[in-house]
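> I have a structure here, written as structure tokens, and I will follow up with some questions on it.
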Number of protein chains: 2
Amino acid sequence: MIGKTNLSVGEAQARVLRHVPLGGVEEVPLECSLGRVLAGEVRANRDLPPRDVSAMDGFAVRSADLAGAGAVLTVIEDIRAGDRPQRSVAGGQCARIMTGAPVPSGADAVVRVEDTRALSGDRVEILVPVKAGDDIRLRGETLRNGDVALAAGTEITPGAVGVLAAVKRARVLVRRRPRVAVLSSGDELEALDAPFDPERIPESNGHALMAQVRALGIEPAYLGIARDEPEELAAYLRRGLEHDVLLVSGGSSVGTHDHVRPALEALGVTLHFWCVEMKPGHPVALGTRDERLVFALPGNPVSSMVCFEQFVLPALRAFMGHSRLFRRDVTATLAHAVKHKPGRTEFVRVTLRRGADGGLTASSTGMQSSGNLCSMAQADGLLIVPADCDGLAAGAAARVQLLDGAGFEVASVFAENAP
Amino acid sequence: MIGKTNLSVGEAQARVLRHVPLGGVEEVPLECSLGRVLAGEVRANRDLPPRDVSAMDGFAVRSADLAGAGAVLTVIEDIRAGDRPQRSVAGGQCARIMTGAPVPSGADAVVRVEDTRALSGDRVEILVPVKAGDDIRLRGETLRNGDVALAAGTEITPGAVGVLAAVKRARVLVRRRPRVAVLSSGDELEALDAPFDPERIPESNGHALMAQVRALGIEPAYLGIARDEPEELAAYLRRGLEHDVLLVSGGSSVGTHDHVRPALEALGVTLHFWCVEMKPGHPVALGTRDERLVFALPGNPVSSMVCFEQFVLPALRAFMGHSRLFRRDVTATLAHAVKHKPGRTEFVRVTLRRGADGGLTASSTGMQSSGNLCSMAQADGLLIVPADCDGLAAGAAARVQLLDGAGFEVASVFAENAP
């Protein structure tokens with residue numbers, strides 16, 4: 001089942017994605033659809049806009065009247081959004097019109113109010129040249145009745161929510177989310193609600209993993225801590241395998257007290273890999289039973305989180321029907337050299353700083369021990385040192401996977417120091 | 001109250017942030033804290049790790065025994081995580097040790113199991129040179145008892161959740177979220193649940209804005225659609241002003257049927273700006289009454305969403321105590337020229353594509369009409385054309401604000417075509 005050689009990160013990701021099933025379909029209210037993926041295409045049920053409308057507040061005019069500068073027109077009507085125009089615009093006439101209001105017959109352009117001057121009586125002077133079609137949004141310009149407004153597989157972003165509202169879908173068909181269970185294992189672990197015991201190590205992996213799952217819009221089930229006893233562990237794993245995806249952290253090392261691997265195999269789980277050439281993160285395993293996935297993640301908290309980012313995150317997103325499965329990465333300049341021995345892909349926790357030139361500089365969060373969870377709380381991203389690299393020099397460009405929270409920056413692009 | 005000249009985007013952002021109050025403090029369970037901001041510092045309540053522990057599965061050794069290669073040691077004990085070592089390691093001895101297990105007295109280094117060879121009996125051959133301290137995580141290496149584990153103002157990312165669990169905080173003090181109300185205005189608007197009327201335009205702004213608010217982790221209140229009648233509008237606005245932040249879209253133009261501005265002033269709202277030199281997005285207003293904020297957003301759906309991104313988003317994040325207030329932007333190469341007349345900052349909806357060299361290319365989503373909501377559903381980001389720019393050439397570098405959904409990519413950095 002498991003090849004003799006260790007996999008690269010990319011090979012392991014490909015192997016994960018070959019085993020992820022696509023989630024089923026469910027209907028949800030529009031207000032609960034954000035972040036989900038459309039299970040089918042959505043078509044427009046009318047032309048949008050439903051007729052020719054003004055794109056601006058101003059005056060609906062006949063462009064033929066405005067060949068010369070300084071034309072003066074007579075205002076024959078006020079047309080508001082939601083009105084129906086009552087009169088046709090004839091030569092020398094215009095209608096005052098609001099954004100979104102229907103363009104009256106006869107008119108073929110709109111002049112914005114800032115480009116006009118009110119005169120006495122019902123007259124207005126047009127201060128700019130005007131072409132036919134100016135500032136008119138044509139009927140069906142955004143969508144024609146029957147057009148595909150959103151394709152199947154579209155992620156429902158706020159913009160897509162707007163489109164769904166515009167085509168009046170109060171309920172939408174989306175891919176369902178996976179049911180995810182999180183289990184920690186290890187005799188040394190102290191539960192969050194357990195009394196303080198100086199001999200024990202507080203259980204943090206499970207909580208960090210649950211937060212990573214929640215950040216993807218999925219509410220996980222926490223199974224708790226399984227002790228290093230075969231029967232207890234098997235009972236926990238059996239419960240975990242009732243979910244679409246089970247995450248187990250700890251207990252998956254190559255040592256003699258490794259219970260998780262044989263326990264999974266005894267439960268009929270097929271293992272697809274056990275080791276990936278990465279640091280931190282080794283060992284990490286993928287198993288499947290029918291359509292259920294199990295990830296056995298390392299016991300070191302940083303390793304567990306980094307493995308989640310590389311393997312579990314794309315799997316959960318694939319299940320939900322996303323086509324964008326991977327973290328965005330940015331290019332940053334290294335503030336300092338990074339040592340590296342060729343062999344394993346290395347993930348260095350870094351902070352990002354925006355320089356005066358608009359570029360990003362990456363600096364290590366400091367000690368890169370895989371036990372140093374604080375580094376994951378400080379990091380903006382994971383700097384990737386390719387497996388075959390023999391070190392990166394200060395000033396070199398590197399790719400940095402953005403972590404949760406790094407979608408936002410301290411300074412605005414419009415701040416004074418922006419280019 | 002309002003200066004005569006229009007503001008730049010940066011000036012308007014600065015003015016918004018001067019008026020945002022900092023949200024109060026509330027206690028939430030750890031599992032509900034993701035994305036919130038710590039209201040106070042959090043200190044460690046024990047050393048982490050609580051004693052010197054092994055960073056690997058392997059053997060706890062005395063480095064003095066391993067000056068030469070090929071040393072053979074006698075295994076005197078098995079130490080698992082959660083165990084207490086029973087024996088001290090003397091010369092020529094070692095202990096089998098698991099990741100996270102306490103290092104026994106006498107030993108000063110750990111050799112990983114892969115770097116050893118089991119011999120007959122209780123003996124093991126050490127295949128590599130070993131230095132004192134190798135693969136030992138020292139007591140207090142991550143945190144010492146009493147250290148600040150997380151500073152006040154830290155955003156609670158999954159890594160921070162891990163740290164909070166590691167210092168046993170089942171409940172955490174965070175800044176509260178603002179109560180946000182969303183109101184649409186306009187006689188032409190048809191509610192999502194109203195019957196189809198070909199003369200009307202489906203209300204989409206409010207739904208898109210609510211999704212933008214939800215994407216920030218805030219559940220907004222939807223007030224519905226206010227008709228263009230002064231009394232009805234005033235009643236809606238009064239209800240909206242019971243919230244920390246009120247978003248009104250539509251009705252805020254410079255035309256004669258503009259009800260929102262006088263209605264807000266009549267309710268005692270002080271207006272701080274009404275126009276910003278941006279496209280799309282003009283007009284957009286900020287008002288305050290006591291500590292309540294009102295944003296009057298344009299009626300065009302794209303304009304309304306773009307204004308949210310620039311002004312409302314940083315305000316809501318500031319209220320929640322974030323120090324990262326602004327969208328992350330990335331540098332991308334333009335696939336085509338972008339025309340621009342100096343004057344207003346322009347936001348061009350673009351898709352991003354990752355090239356074979358790892359760089360990003362930005363392409364317009366097509367028609368950039370501010371009525372074309374589909375462009376917001378397609379866009380990965382907003383390409384920024386600075387106000388003083390007289391056009392961007394194909395191949396030029398530009399900054400692109402990432403929109404919701406663009407935190408993920410189609411291809412992995414570890415895919416074959418990655419550098």
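> Within segment B:75-94, can one find any residue that is surrounded by 15 or more Cβ atoms within 10 Å (Cβ to Cβ), small (G, A, S) and not assigned by TED's automatic domain parsing to the domain that holds B:G159?
Checked segment B:75-94: at least one residue is surrounded by 15 or more Cβ atoms within 10 Å (Cβ to Cβ), small (G, A, S) and not assigned by TED's automatic domain parsing to the domain that holds B:G159.
> Further question: Tell me which strands (runs of 3 or more DSSP E) are completely within segment A:158-267 and hold 3 or more residues being small (G, A, S), or say none if there are none. Steps first, answer last, please.
Values: elements: A:171-175, A:180-185, A:221-226, A:245-249.
Filter on segment A:158-267 gives A:180-185, A:221-226.
> Right, here's the next one. State which residue pairs qualify: first residue modelled with pLDDT of 95 or more and inside segment B:22-33, second residue loosely packed, with under 15 Cβ neighbours inside 10 Å in any location, beta carbons under 6 Å apart, and separation of 6 or more residues or different chains.
As it stands, the answer is B:E27/B:R171; B:P29/B:R171; B:L30/B:A170, since those pairs meet every condition given.
Here's the yes/no breakdown for (1) free of Cβ contacts under 8 Å to residues at least 60 places away in the same chain; (2) under 22 Å from B:R84 (Cβ atoms); (3) not assigned by TED's automatic domain parsing to the domain that holds B:D78:
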residue: B:V103; (1), (2), (3): yes, yes, no
residue: B:V111; (1), (2), (3): yes, yes, no
residue: B:G121; (1), (2), (3): yes, no, no
residue: B:I126; (1), (2), (3): no, no, no
residue: B:V130; (1), (2), (3): no, no, no
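> With the structure loaded, tell me whether B:R292 is more than 22 Å from B:P220 (Cβ to Cβ) and charged (D, E, K, R) or whether it fails that test.
Numbers: more than 22 Å from B:P220 (Cβ to Cβ): no; charged (D, E, K, R): yes.
Criteria not met by B:R292.
> Take the conditions at pLDDT below 95 and more than 39 Å from the chain's Cα centre (by Cα) and apply them to B:D108. Does it pass?
Numbers: at pLDDT below 95: no; more than 39 Å from the chain's Cα centre (by Cα): yes.
No; evaluated as a whole, the condition is false for this residue.
> For A:E141, are the conditions met, namely being more than 22 Å from the chain's Cα centre (by Cα), under 28 Å from B:S304 (Cβ atoms), surrounded by fewer than 24 Cβ atoms within 10 Å (Cβ to Cβ) and at the interface with chain B (Cβ under 10 Å from one of its Cβ atoms)?
Numbers: more than 22 Å from the chain's Cα centre (by Cα): yes; under 28 Å from B:S304 (Cβ atoms): yes; surrounded by fewer than 24 Cβ atoms within 10 Å (Cβ to Cβ): yes; at the interface with chain B (Cβ under 10 Å from one of its Cβ atoms): yes.
It is true that A:E141 is more than 22 Å from the chain's Cα centre (by Cα), under 28 Å from B:S304 (Cβ atoms), surrounded by fewer than 24 Cβ atoms within 10 Å (Cβ to Cβ) and at the interface with chain B (Cβ under 10 Å from one of its Cβ atoms).
> Hey, another quick one. Before we move on, is A:L286 surrounded by 24 or more Cβ atoms within 10 Å (Cβ to Cβ) and modelled with pLDDT of 95 or more?
Values: surrounded by 24 or more Cβ atoms within 10 Å (Cβ to Cβ): yes; modelled with pLDDT of 95 or more: yes.
Considered against the rule, which asks whether it is surrounded by 24 or more Cβ atoms within 10 Å (Cβ to Cβ) and modelled with pLDDT of 95 or more, A:L286 comes out as yes.
> Among strands (runs of 3 or more DSSP E) lying entirely in segment B:17-105, which contain 3 or more residues that are facing chain A (nearest Cβ under 10 Å), under 23 Å from B:P158 (Cβ atoms) and more than 37 Å from the chain's Cα centre (by Cα)? Walk me through it before giving the result.
On the way: elements: B:25-29, B:58-61, B:72-79, B:93-97.
Qualifying strands (runs of 3 or more DSSP E): none found.
> If you don't mind, there's one more thing I want to ask. Being under 24 Å from B:P301 (Cβ atoms) and exposed (fewer than 14 other Cβ atoms within 10 Å of the Cβ) is the filter here, so list the residues in segment B:366-419 that pass it.
Within segment B:366-419, B:G366, B:M367 qualify.
> Now for a separate question. Anything in segment B:332-350 that is within 13 Å of chain A (Cβ to nearest Cβ), surrounded by fewer than 19 Cβ atoms within 10 Å (Cβ to Cβ) and at pLDDT 95 or above? List them, or say none.
B:T333
> Can I ask one more? Within segment B:182-205, count every residue that is buried (at least 24 other Cβ atoms within 10 Å of the Cβ) and more than 9 Å from chain A (Cβ to nearest Cβ).
Residues in segment B:182-205 being buried (at least 24 other Cβ atoms within 10 Å of the Cβ) and more than 9 Å from chain A (Cβ to nearest Cβ): 4 in total.
> Tell me which of these A:L313 doesn't satisfy, since it passes every other one: (1) more than 10 Å from every other protein chain (Cβ to nearest Cβ); (2) surrounded by fewer than 23 Cβ atoms within 10 Å (Cβ to Cβ).
Checking A:L313 against (1) more than 10 Å from every other protein chain (Cβ to nearest Cβ); (2) surrounded by fewer than 23 Cβ atoms within 10 Å (Cβ to Cβ), the one that fails is (1).
The values are calculated or read from the model by the stated rules, or taken from the named source; none is laboratory data. Given the structure is predicted, the values throughout are model-derived calculations rather than measurements. Ideal geometry is used to build each Cβ from the backbone, glycine not excepted, and the neighbour counts take in all protein chains shown.
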